[in-house]
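Peer 1: Below is a structure I'd like to ask you about.
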């Protein structure tokens, strides 16, 4: 089998090849490592690779398969966003602050993949502390969108996104605080799922905004995401917000027919700000769902526009507290020269954090400071409830909500980097689900032409009710049985031979 | 509400981030744009609405007060920062972390 074919398989196909011993995990892993060597120098999706560790895991997986005790993902090479602590691996969160940090323990997500026998291919690039929508705030440099190298992959999970799209991994993990799985999935043309808040443990996942952060899968199809969810989800007592629920099989409903499914279309998701070409792709996708027997219901989420102002109070407020731990005392960057303790704190933090992270810490500190708490933080929490209630009302009328995942296709590197507000508007369709704690996903739905470049991927967003991931995966999977957008991969320019 | 350079300096101090005049001015411009965005909230009547602090309506789980973790101090101290001020050593000694003297 040619290398390019081997790196383009589904997780189910890999599991069958591995468990019937047609290929070994070592061969599969080496095929991906070879491809990473060829393309990563230009794409910059991975920021930490450790061939010895990776190959040792592949050999262990082969031994497990030989012993007859393989799990569905045993031997399959997965990329891990660099926000997850993985013992013995550099874990930087895309920041100079943690450039020399080697994780002393495993995040829950990492230990779940280890227990499943999956192979860790490496740590992927990301916006610094997950703050960004283009991967351009990373201390380790931007990431190329595999569909067009002059474009961004989206963010903050930009490295994982480019790795999935360029077939530099079988699947990847991401985290989503305001859209960081779904917006890059849309911009890079693959399937990504942000689960209900509390379904995947945050233990060992470096905190940005704790009431919003949630990890999820980034993969080539809904079925692959379901298999990833079976590994990632589950109760963990080490995360105080982890939900103690019975273990689910996220594949259980994949093959259910969609006849009678009620799809809600919120008018606010198709208003001003949405690119006309993207809107057309979404309409075509909805038409496909009608053919599958779904009913369309027009709904309203009237407070959608407020989700961005609310988010840019709450997320920075939580971030300013979470990031106060980086003081240069016990780990992380410490300034080379300082006079006293205060000077050490202030210099270490000024040097260790990038511009966007500092901006958000300052906003958060400001909105929490004496005299402003009620006007900003409390007010934002009140409107957060209004936004969540909009969804409660909407789900009385429909089973799932659909719309675009991002307002446009991938934009050019540098285009929005000096305009934080324009960058923030990238997440207009995704943020409200984080505020409500609902699950959301992005599914490849076609391509939109751009005026000054190639046609670029567009993602259809599917929002479900709390704990309705299995249904959302069913809804996405059925679409992927009648369309082939999710199977398309970019033609990469020649990498290193 | 309009921000001033003095506000920026005060907030930067509260956040323990050193900031010089040039950066303070650039930060003021960017933060003013973001605050203008946030101000959209003030048009909403939120009287009587219970603030939503979290995505799930849960009470804090409690556990028995027993030792639940192994001691990883040596592992953790491998990540200690470089001491600085001319020293390339890690900022640790005898299992403790070294910081500038704070009590005379």
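Peer 1: From A:439, A:457, grab the single residue that is over 21 Å from residue A:162 (Cβ atoms), buried (at least 20 other Cβ atoms within 10 Å of the Cβ) and modelled with pLDDT of 95 or more.
Peer 2: Numbers: A:457 fails: over 21 Å from residue A:162 (Cβ atoms).
None of the others qualify; the one that does is A:439.
Peer 1: Criterion first (crowded, with 24+ Cβ neighbours inside 10 Å, at pLDDT 95 or above, touching a strand residue (DSSP E or B) at 6+ places or on another chain (Cβ under 7 Å) and in a loop (DSSP other than H, G, I, E, B)) does residue A:409 satisfy it?
Peer 2: Here the answer is yes, as residue A:409 does meet what is asked.
Peer 1: Go through segment B:83-104 and give me each residue that's facing chain A (nearest Cβ under 10 Å) and on the phi > 0 side of the Ramachandran plot.
Peer 2: B:84, B:85, B:86
Peer 1: Looking only at helices (runs of 4 or more DSSP H) that lie completely in segment B:1-82, which have at least 3 residues being facing chain A (nearest Cβ under 7 Å)?
Peer 2: B:5-14, B:21-38
Peer 1: For segment A:363-382, which positions are at the interface with another protein chain (Cβ under 7 Å from one of its Cβ atoms) and more than 15 Å from residue B:34 (Cα to Cα)?
Peer 2: Across segment A:363-382, the qualifying residues are A:369, A:378, A:379, A:381, A:382.
Peer 1: From the list A:110, A:65, A:78, which residue is outside any loop (DSSP other than H, G, I, E, B) and either within 14 Å of chain B (Cβ to nearest Cβ) or surrounded by fewer than 23 Cβ atoms within 10 Å (Cβ to Cβ) (or both)?
Peer 2: A:65
Peer 1: The conditions are (1) facing another protein chain (nearest Cβ under 10 Å); (2) in contact with a helix residue (DSSP H, G or I) (Cβ under 6 Å, 6 or more places away or on another chain); (3) within 26 Å of residue B:53 (Cα to Cα), and residue A:391 fails exactly one of them. Which is it?
Peer 2: The failed condition is (1).
Peer 1: Those residues that are within 14 Å of another protein chain (Cβ to nearest Cβ) and without any contact (Cβ under 8 Å) to a residue 40 or more places away in the chain, I need them from segment A:413-469; list them, please.
Peer 2: Scanning segment A:413-469 gives A:418, A:419, A:421, A:422.
Peer 1: On the basis of being within 24 Å of residue A:421 (Cβ to Cβ) and either without any contact (Cβ under 8 Å) to a residue 60 or more places away in the chain or over 24 Å from the mean Cα position of the chain (by Cα) (or both), does residue A:339 make the cut?
Peer 2: no
Peer 1: With the structure loaded, tell me whether residue A:445 is more than 23 Å from residue A:190 (Cβ to Cβ), under 21 Å from the mean Cα position of the chain (by Cα) and not in a loop (DSSP other than H, G, I, E, B) or whether it fails that test.
Peer 2: Numbers: more than 23 Å from residue A:190 (Cβ to Cβ): no; under 21 Å from the mean Cα position of the chain (by Cα): yes; not in a loop (DSSP other than H, G, I, E, B): yes.
No, not satisfied.
Peer 1: Looking only at segment A:458-497, count how many residues are outside any helix (DSSP H, G or I) and in contact with a strand residue (DSSP E or B) (Cβ under 6 Å, 6 or more places away or on another chain).
Peer 2: 7
Peer 1: Ok, one more. Could you say whether any residue in segment A:283-296 is over 25 Å from residue A:397 (Cβ atoms), out of contact with any helix residue (DSSP H, G or I) (no Cβ under 6 Å at 6 or more places or on another chain) and free of Cβ contacts under 8 Å to residues at least 40 places away in the same chain?
Peer 2: no
Peer 1: Please go through (1) buried (at least 17 other Cβ atoms within 10 Å of the Cβ); (2) in contact with a helix residue (DSSP H, G or I) (Cβ under 6 Å, 6 or more places away or on another chain); (3) assigned to a loop (DSSP other than H, G, I, E, B) for residue B:100 and return the number of the only condition it doesn't satisfy.
Peer 2: For residue B:100, the failing item is (1).
Peer 1: Also: Looking at (1) without any contact (Cβ under 8 Å) to a residue 40 or more places away in the chain; (2) within 14 Å of another protein chain (Cβ to nearest Cβ), which is the only condition residue A:204 fails?
Peer 2: Of (1) without any contact (Cβ under 8 Å) to a residue 40 or more places away in the chain; (2) within 14 Å of another protein chain (Cβ to nearest Cβ), only one is false for residue A:204: (1).
Peer 1: If we keep just the residues of segment A:359-372 that are part of a helix (DSSP H, G or I) and surrounded by fewer than 22 Cβ atoms within 10 Å (Cβ to Cβ), which is nearest to the chain's Cα centre (by Cα)?
Peer 2: Result: A:359.
The values are calculated or read from the model by the stated rules, or taken from the named source; none is laboratory data. All values derive from a computational prediction rather than experimental measurement. Note that we place each Cβ from the backbone using ideal geometry, even for glycine, and neighbour counts take in every protein chain shown.
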